[in-house]
1. Which length gain, in nm to one decimal place, applies between ILE22 and ILE56 when the Cα-Cα distance is subtracted from 0.36 nm times their residue separation?
2. Roughly speaking, what is the centre-to-centre gap between region 57-86 and region 94-151 when only Cα atoms are used, to the nearest Å?
3. Viscosity 1.567 mPa s, temperature 4 °C: what is the translational diffusion coefficient of region 28-169 from Stokes-Einstein with a Kirkwood Rh over Cα pairs, rounded to a whole number of µm²/s?
4. Could you list ASP60, ASP14 in order of exposure, starting from the residue whose Cβ has the fewest other Cβ atoms within 10 Å?
Amino acid sequence: MMAASKAQPPQYSDTETYSRNILGPVWFHLSKLSVLGTAGLPIPPEFVAPDQSDYIIAADETFVASLNIAFNKSPLSALLMCLGTVVTVNWHFEGQGRRANEFDLSTSFETTKGQFVYTASLEAIPEEVRMNPGLYEVSATVEVGPAKHECSQFVLGYGYISEVLLQVYPSV
C-alpha cells in the first residue's frame, strides 16, 4: 500500500515565509506579422484586375512591415515597462530563388510606463535597401532588454515570428 504524500514541506517555525516569485512572471506574445505595399489601386485603364495585392510591390514602392508585441500585466512587467526597456525588432528578408537576396533590417523602441501592447514597424523601399526583384519570406526576431538603466545589462527575452511572403518586381 502506498503512503499518502504530504501537501507541504514541514514547518520549522511560526515565522517562516517562502516566496519564490514575488513580482510574478513576465512573458510577451508576438502576433500580426504583416508586410504590405503602399501604392494603392492603379488608375484606370492601367489596371488589369479591380484590386491590387498588397504583397506584390514594385522595387520603387514603399512597403511597411509591422508586428504586435503584447506583454502580460504583472508587477514585474509593469516595472520593466516603466524602466524604458529597449525592444529591438530584427526584420529578416530571406530571398527565395536565384535573384532574390537575403538581408536584415532593425528597428528599436523603448517601453513606456503603463503601456503593455506595442506595434513595431519598419518602412522601406526595396531599391534603397538593395532588395532585388524576387520572392521573399519575411520573419522577425525580437530582443527584449536591456532597459535604459545602469542596473539592466542583459537581454531579458527573445521571440520569433514568421510565415509572410512578399514579392518584389522591377519598377517601370
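FYI, it's all coordinate maths here, none of it is from the lab. Just so it is clear, the structure is predicted and the values come from calculations on it, not from any experiment. Note that we place each Cβ from the backbone using ideal geometry, even for glycine, and neighbour counts take in every protein chain shown.
1. Numbers: separation 34, 0.36 × 34 = 12.24 nm, distance 4.93 nm.
Residue separation times 0.36 nm, minus the Cα-Cα distance, leaves 7.3 nm.
2. Spelled out, the Cα-based centre of one part sits 11 Å from the other.
3. On the way: Rh = 16.5 Å.
Stokes-Einstein gives a translational diffusion coefficient of 78 µm²/s.
4. Details: ASP60 14, ASP14 5.
Result, fewest neighbours first: ASP14, ASP60.
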